[in-house]
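Structure first, commentary second.
What follows is calculated from the coordinates using simple rules that are stated; it is not laboratory data. This is a predicted model, so every value here is computed, not measured. A quick note on method: Cβ atoms are made from the backbone with ideal geometry, for glycine too, and the neighbour counts reach across all protein chains shown.
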Amino acid sequence: EYLIIPIFNFLNGHITNYGIIIIIFALFIKVVTYPFTMASTKSMKKMASLQPQLKDVQEKYKDNPQKLQVEIAGIYKEAGVNPLSGCLPTVIQMPLLFAMFYVFRSSIQLRQESFLWANDLSVPDSILDLPFSLPLYGDHISVIPLLMGASVYVQQKITPTTQTNDQLKFMLYLFPVMMLFFFNNMPSGLGLYYLMFNIFGIAQQFYINQTAEKLPVVVTSNKPKQGPKGKKKSEKAV
């Protein structure tokens, strides 16, 4: 609240439309979190290069889960890879998620502020009332959550992952549906922020994917370096 509202007030001194202010703020946050997203992509690329080695270990120790975990941890340690680093962008954005949720639910600045088809950014941008009510979803259809669900699907589709095909397919469809249900009754301003954040994220991910393809996979080994004798033998062998 003490960070977001002052930024909104500052931008409002130069821009009168809160919809545009929300879009600028989403772009600002996406630019700030870019280094973490890039680092996450590099980590995912390293982990992808380890998949053949991990599969061999999983097959070898499939009947010994404890030994399997030790071996997998050893592979990650030897390669200098942290499997949790891929979650870093999401972890960093979580506090902002809760802050934005609070601001858009309670901020009086957004009341009666319109943007495109949304007549009031402080309430859902409902375009159709349903003759029934669905649990968690409600009795109306909002446009921005539909667009946001589509953007989440596209972003997941182009984002590198280490999940198996079955896991990937499951999350590819589950997460957009979850967002659709969650945001249908939320203020349209909040939905607009995450919609634009995802759209900027798609453009950013395309750029990162193109850049990452040109980057060599550098896997840092933590094995002790060979002494002069070992070096000599290897040179002779070559």
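Here are a few things to note about the model shown:
- Note on 151, 126, 49, 142: ascending count of other Cβ atoms within 10 Å places them as 49, 126, 151, 142, the fewest first.
- Between residue 178 and residue 56, the FRET efficiency estimated from the beta carbon spacing at R0 = 30 angstrom works out to 0.30.
- Expressed per residue, the C-alpha convex hull volume of region 118-160 stands at 98 Å³.
- Count Lys and Arg as plus one, Asp and Glu as minus one, and take only other residues whose Cβ is under 13 Å from that of residue 140; the net charge is then -3.
- Ordering 186, 179 from the fewest to the most neighbouring beta carbons within 10 Å gives 186, 179.
- Using the Cβ of residue 19 as centre and a radius below 12 Å, the other residues enclosed give a net charge of -3, where K and R count +1 and D and E count -1.
- Rounded to whole Hz, the Karplus (6.51, -1.76, 1.60) HN-Hα couplings of region 32-48, x for glycine and proline: 5, 8, 4, x, 5, 5, 5, 4, 5, 5, 4, 5, 4, 5, 4, 5, 5
- As a proxy for reagent exposure, 7, 144 were ordered by neighbouring Cβ count within 10 angstrom, fewest first; the result is 7, 144.
- Subtracting the Cα-Cα distance of residue 119 and residue 153 from their residue separation scaled by 0.36 nm leaves 9.6 nm.
- Charge tally in the Cβ shell below 15 Å around residue 202, where Lys, Arg are +1 and Asp, Glu are -1, residue 202 excluded: +2
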